[in-house]
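These notes concern the structure reproduced below.
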Amino acid sequence: MAQFFPGNTCIYLPQPTWANHEAIFKFVGLEVAWYRYCDPKVSKLDFEGLMDDINKIPEKSIAFFQGCAHNPTGVDPSQEQWCEISQLVKKRQLFPVFDVAYQGFASGDFYNDAFSFRTFLQDGHKVAILQSYSKSMGLYGERTGSCTFIADCKSEADTILTQMEEIIRKTYSSPPIHGSRIVVEILADENLKYMWFQEVKMMSERLKAMRNALKENLEKAGSKHNWDHIVHQIGMFCLSKLTPKQVKKLTDDYHIYLPADGRTSVAGLTTKNVQYVANAIHEVTK
Ligand SMILES: Cc1ncc(COP(=O)(O)O)c(C=O)c1O
């Protein structure tokens, strides 16, 4: 995008987003700007702010979205809101880019979780979709994902592919092969694909169960704070609303490790440790 995008090479990111987004885009020479997304203190989508800010983005800029299970907020637009966002992006003539790192984590269903970018596709956008299988297939160390561009015609697709190959050759040269062979093996076999969908569903249900258990154990420990956001947020992460000081105390006194912004990995909770974590959170938030 930094080299060939014909419009304004400023990319607009949700505020907040995964910290590496800003780092990556600045590193390749894109300008970075923000649209309102979610106030972590309220833990609710700021839909009005989002629409208002997107409406002000200069035409022919790049609008960046997380396809589902937003990291770090655990807050996604509803299906109706995605439809409205798609229409606005169209009106502003923006180029939408979707980062899809947690497909299946939001609803447990791969097709449901593709609603955002499928809606954009149905609405006739040209989009870029960046998908990762690191989490959904447990292939973190294999660097396996895909990059999809939608083109108008074969010659445009060929041009994009040639440019992509050129960049790849000059950066990582060729991708690791084992992860992608595993993905192909699974997706090309109906039985394996079905088993994988079931496992993703099971994993997503476990995350939901851990959210409930954390909230219940906080209440059992006697916490008087409102922890509803733990169960309302979705996906792998929970923006806990802990302050940097409380996070430091969790780490120093209880050896529970998380970033200073209070983002907790729900995947790290188990039936064996959830009570310990809840008691520790209660102690540091008293
Ligand atoms: C939103 C988001 N996008 C992308 C990634 C990176 O994915 P990959 O493991 O494929 O580099 C992550 C996390 O690791 C993420 O949270």
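Annotations
- Scope region 49-81; condition part of a loop (DSSP other than H, G, I, E, B) and under 24 Å from VAL266 (Cβ atoms); matching residues: GLY67, CYS68, ALA69, HIS70, ASN71, PRO72, THR73, GLY74, VAL75, ASP76, PRO77, SER78
- Residue among ILE182, ILE150, ILE160, ILE168 that is in contact with a strand residue (DSSP E or B) (Cβ under 7 Å, 6 or more places away or on another chain) and not acidic (Asp, Glu): ILE160
- Residue check, GLU84 among the acidic types (Asp, Glu), within 24 Å of LEU121 (Cβ to Cβ) and not in a loop (DSSP other than H, G, I, E, B): yes
- Residue in region 91-103 that is within 16 Å of the ligand (Cβ to nearest atom) and part of a helix (DSSP H, G or I) present: no
- Here PHE47 clears all of (1) under 15 Å from GLN15 (Cα atoms); (2) of a type in the set (A, V, I, L, M, F, W, C); (3) within 19 Å of the chain's Cα centre (by Cα); (4) surrounded by 20 or more Cβ atoms within 10 Å (Cβ to Cβ) except the condition numbered (4).
- When SER116 is tested against the conditions (1) within 16 Å of the ligand (Cβ to nearest atom); (2) outside any helix (DSSP H, G or I); (3) in contact with a Phe, Trp or Tyr (Cβ under 7 Å, 6 or more places away or on another chain); (4) closer than 29 Å to ARG211 by Cα, the lone failure is (2).
- Selection of region 231-280 for residues being free of Cβ contacts under 8 Å to residues at least 12 places away in the same chain and among the basic types (Lys, Arg) yields LYS245, LYS272.
- Residue that is farther than 29 Å from ASP109 by Cβ, modelled with pLDDT of 95 or more, surrounded by fewer than 16 Cβ atoms within 10 Å (Cβ to Cβ) and of a type in the set (A, V, I, L, M, F, W, C), where the choices are ALA23, ALA2: ALA23
- Hits in region 41-73 (condition: within 21 Å of GLN233 (Cα to Cα) and within 16 Å of the ligand (Cβ to nearest atom)): PHE64, PHE65, GLN66, GLY67, CYS68, ALA69, HIS70, ASN71, PRO72, THR73
- Top-ranked residue in region 217-230 [being over 17 Å from ALA69 (Cα atoms) and touching a residue at least 60 places away in the same chain (Cβ under 8 Å); ranked as surrounded by the most Cβ atoms within 10 Å (Cβ to Cβ)]: LEU218
The values are calculated or read from the model by the stated rules, or taken from the named source; none is laboratory data. In this text, all values refer to a predicted model and were calculated from it rather than measured experimentally. Virtual Cβ from ideal backbone geometry, glycine too; neighbours counted across all protein chains shown.
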